[in-house]
Amino acid sequence: MAALSPSAQRVQQALTQLGLTLEVVELPDSTRSAAEAAAAIGCTVGQIAKSLIFKTKGSEKPVLVIASGSNRVDEKKIAALLGEKISKAEADFVRQQTGFAIGGVPPVGHIEPLRTFIDEDLLAYAEIWAAAGTPHAVFRLTGADLVRATGGQVTDVKKQNDPPDS
Ligand code: 5CA
């Protein structure tokens, strides 16, 4: 089997150090977005754990929200838990804070630990998949693994769908 790329190796090392026997795999097809990852893996979009980086508006601290691929994150819900507004981080900030580029940001293995929130919907699946450092690298895990690995707070993160026109 081909060696993992350096960024994927870092994620594999982080998982191993956490005591998790989870295996990073690099796929030929792109896993850059949740939809692409689901297609490449052959799972549902909901089973993709997307790691999204936000920035607090006052203190400019990074916040990681790990959401089901089929959910949109309601920034107001996270802000209420933090006591501070947040906005989507720009690409440079994501790289500085995590050490990974958008499209491959993993839930673990960041430069420094991040304040983390986990979408409760991810815990409903028997297995989920997360990015592993590159837009071709992923690993399979359970919701319990995700909680254990990140120490994240499990909560309702999702934006409700807009009501239909009446
Ligand atoms: N590897 C896949 C699935 S595991 C993945 O990383 N998907 S993702 O959804 O977590 O990452 C893509 C996310 O990066 C998008 O949802 C979006 O929130 C963010 N993103 C994409 N382009 C930009 C950009 N130019 N600036 C800031 N954020 C971006």
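The values are calculated or read from the model by the stated rules, or taken from the named source; none is laboratory data. Since we're looking at a predicted model, the values are computed, not measured. In this analysis, Cβ positions are derived from the backbone assuming ideal geometry, glycine residues included, and neighbour counts consider all displayed protein chains.
Taking residues in segment 48-68 that are on the phi > 0 side of the Ramachandran plot, and partners anywhere that are within 15 Å of the ligand (Cβ to nearest atom), the pairs with Cβ atoms closer than 9 Å and at least 6 places apart or on different chains are 60/93. Within segment 107-166, the set of residues being under 16 Å from residue 14 (Cα atoms) and in a helix (DSSP H, G or I) comprises 145, 146, 147, 148, 149, 150. Scanning segment 55-69 for residues being surrounded by 17 or more Cβ atoms within 10 Å (Cβ to Cβ) and more than 11 Å from the ligand (Cβ to nearest atom) gives a total of 3.
I'd like to check something: does segment 3-11 contain any residue that is closer than 21 Å to residue 143 by Cβ and within 16 Å of the ligand (Cβ to nearest atom)? Break it down stepwise before answering.
Filtering segment 3-11 for residues closer than 21 Å to residue 143 by Cβ gives 11.
Those still in the list that are within 16 Å of the ligand (Cβ to nearest atom) too: 11.
Scanning segment 3-11, I find at least one residue that is closer than 21 Å to residue 143 by Cβ and within 16 Å of the ligand (Cβ to nearest atom), so the answer is yes.
Restricted to segment 26-54, and to residues there that are more than 10 Å from the ligand (Cβ to nearest atom) and among the charged types (D, E, K, R), the residue that is surrounded by the most Cβ atoms within 10 Å (Cβ to Cβ) is 26. Counting only residues that are away from the ligand (no atom under 11 Å from the Cβ) and either without any contact (Cβ under 8 Å) to a residue 12 or more places away in the chain or within 22 Å of residue 138 (Cα to Cα) (or both), segment 71-97 holds 6 of them.
To keep it simple, each residue is scored yes or no on (1) at pLDDT 95 or above; (2) crowded, with 17+ Cβ neighbours inside 10 Å; (3) within 15 Å of the ligand (Cβ to nearest atom).
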{"residue": "123", "(1), (2), (3)": "yes, no, no"}
{"residue": "134", "(1), (2), (3)": "yes, yes, yes"}
{"residue": "148", "(1), (2), (3)": "yes, no, no"}
{"residue": "157", "(1), (2), (3)": "yes, yes, yes"}
{"residue": "164", "(1), (2), (3)": "no, no, no"}
